[in-house]
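Heads up, the thing below is written out as C-alpha cells.
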Amino acid sequence: MGMWFFFAFTFLGVFSTVNSGSPSDHAALLAFKSALTEPYLGIFKTWTGDDYCLNWYGVSCDPDTRRVVDINLRGESEDPIFVKAGRTGYMTGTISLEICKLDRLTNLILADWKGISGEIPECVTSLPSLRVLDLIGNQISGKIPANIGCLSRMTVLNLADNAISGEIPASIVNVVGLMHLDLSNNRLTGEVPTDFGKLKMLSRALLSRNQLTGSIPQSIGNMKRLADLDLSMNRISGSIPDLLGKMPVLSTLNLDSNSLSGQIPPTLLGNTGMGILNLSRNSLVGNIPDVFGSNSYFMALDLSHNNLKGPIPSSLSSAKFIGHMDLSHNHLCGTIPVGSPFDHLEASSFANNDCLCGNPLKTC
Ligand SMILES: *[C@@H]1O[C@H](CO)[C@@H](O)[C@H](O)[C@H]1NC(C)=O
C-alpha cells in the first residue's frame, strides 16, 4: 500500500510538471499579456488556464521541454479569428520586459498591430535562441538596442513601419546569419555602418524612408547573396560605388530620392542580372553609359530627375526587354533610338529634357 502511494505520487508529480510547463514561462506570458490591449478579436481571451502550450493563440512550445519557443501574433491574417471579426487587428500597449524571461524563444512576431508603442526591450538581445524578431507595422519608438549584435542566431530582423530613431547600431554587422533586414519607414539617422558588407548571408537590406546620411559603404560590394538593396528616400550622398554593378545576385537596387552625385557606374547598367534599378531624384551627372546589350532585361529603369546629359545610348535599343523606363527631367539631347524597347514607351518617359526628339516625342 505504502509503495503504491509512493509510485502514484511520483507519477502524478512528474505528470503535472510536464503538463503545466514552466511556471516562469507561464508568468512571463501573463505579464506580456497584461501590458497589451487587443479589443476587437479577443486573442488574449484564449490566454487562460494553466497550459499555455495548448490553445493559447499564437503561442507555441517545444513539445519535449514545454518551454515557449514562438510568439507569433500577426494583426493581418486569414485566420478564422480574423474572418469572424471581419477586420484586421489593432493592439495597443507595450512589450513587457518579462518577455526576456522566455529564454527559449526563437520567434517573436508582433506584426501589423498598428498601435503597439514603447521601446524594444533592451533585454531581448540576451535571448540566446532568437532567430526572428518581427515588429513591423506598429508605433514602436526609441532606439534599436545597441547590442543587437549579441543575437548571433538571428536571421530575420523586421522593424519596418514604426517610429524608431537613433542610429543603426554598429554591432549589427555581428549578426552573421542575418538574411533579411527591414528597417524601412522609421526615423533612423546616422550612416549605414562602413563594414555593413560583413553581413555575408544578407539577401534583402531594406532601409528606405529614413533620414540616413553619409555615403553607400564600399563593403556592400562584397555581399555575395544580396539580391535586394533599398536605400531610397534617405539623405545619402557621395557617388554610387562601382562595385554595386558587380554583385552576383543583386537584382533590385533602389537608390532613388537621395543626394547621390557623380556619374552612373557603367557596371550598373551593364549588369544583366539587374531587373529593377531606380536612381530617380538624385544629382547624378554625366552621360548615360552606353553599355546595354542583348541580355539587358529591366522590368523598371528609372533615371528621372537627375542632371544627366548627352544622348540616350543607342545600345538601349538592343536590350532584350525594358518594361518601364523613365528618363524624364534630365538634360538629355538627341534622337530617341528606335527599336522594340522604345515602342511601348510614352512621351512622359522622355519629358523635360533639353533637346530630345523622335518618336514618341515630336520629330527632329
Ligand atoms: C523611382 O523612385 C521615384 C522617387 O522615389 C518614384 O517616384 C518612382 O515611382 C520610382 N520608379 C519606379 C519605376 O518605381
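Within the range 307-325, being in a loop (DSSP other than H, G, I, E, B) and more than 32 Å from the chain's Cα centre (by Cα) holds for Pro311, Ile312, Pro313. Screening the range 287-301 for residues that are buried (at least 19 other Cβ atoms within 10 Å of the Cβ) and assigned to a strand (DSSP E or B) and picking the one that is nearest to the ligand (Cβ to nearest atom) gives Leu301. Put simply, of Ser328, Ser304 the only residue that is under 26 Å from the mean Cα position of the chain (by Cα), within 12 Å of the ligand (Cβ to nearest atom), surrounded by 16 or more Cβ atoms within 10 Å (Cβ to Cβ) and outside any strand (DSSP E or B) is Ser304.
Being within 19 Å of the chain's Cα centre (by Cα), at pLDDT 95 or above and either within 11 Å of the ligand (Cβ to nearest atom) or among the aliphatic types (A, V, I, L, M) (or both) is a property that Leu284 lacks.
Here the condition is being within 16 Å of the ligand (Cβ to nearest atom) and surrounded by 16 or more Cβ atoms within 10 Å (Cβ to Cβ); of Ile312, Ile336, Ile276, it holds for Ile276 alone.
State all residues of the range 41-61 that are modelled with pLDDT of 95 or more, of a type in the set (A, V, I, L, M) and in a loop (DSSP other than H, G, I, E, B); if no residue qualifies, say none. Correct list: Leu41 only.
Somewhere in the range 176-187, is a residue closer than 22 Å to Cys150 by Cβ and more than 14 Å from the chain's Cα centre (by Cα)? Yes, there is a match, as at least one residue in the range 176-187 is closer than 22 Å to Cys150 by Cβ and more than 14 Å from the chain's Cα centre (by Cα). Checked against the criteria, Leu244 does not count as within 16 Å of the ligand (Cβ to nearest atom), among the aliphatic types (A, V, I, L, M) and crowded, with 20+ Cβ neighbours inside 10 Å. What number goes with the only condition from (1) more than 15 Å from the ligand (Cβ to nearest atom); (2) at positive phi that Ser237 does not pass? Of everything listed in (1) more than 15 Å from the ligand (Cβ to nearest atom); (2) at positive phi, Ser237 misses just condition (2).
The values are calculated or read from the model by the stated rules, or taken from the named source; none is laboratory data. These figures come from a predicted structure and were not determined experimentally. In this analysis, Cβ positions are derived from the backbone assuming ideal geometry, glycine residues included, and neighbour counts consider all displayed protein chains.
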